[in-house]
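The values are calculated or read from the model by the stated rules, or taken from the named source; none is laboratory data. As the structure is a prediction and not an experimental result, all values here were calculated from the model. Glycine also receives a Cβ, built like all others from the backbone with ideal geometry; neighbour counts cover every protein chain displayed.
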Amino acid sequence: MTDLVLVFLSTAIVIVLALLAGAGAAKLARLDGATYPAALKHAAAAFAAVLTIASTVTAALSTLRS
């Protein structure tokens, strides 16, 4: 049960961090003069990058644990 709670909390933290990174990327893109669709593309790319890095780190750590 504790492991399940830990997985859910870790997932929630990663998603919140990914959303913050996406929002920051969109804000920086808008400050740089990008249009709203271009800023949204930057936000989506940053969100996906954070999730990709998190899944890669998780896979690397899971091989070390087993």
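Before moving on, here are some points about what is shown:
- Search result, residues across the stretch 24-57 that are over 10 Å from the mean Cα position of the chain (by Cα), under 25 Å from residue 7 (Cβ atoms) and surrounded by 14 or more Cβ atoms within 10 Å (Cβ to Cβ): none
- When the stretch 16-66 is filtered for residues that are modelled with pLDDT of 95 or more and outside any helix (DSSP H, G or I), the ones remaining, listed by number, are 32, 33, 34, 35.
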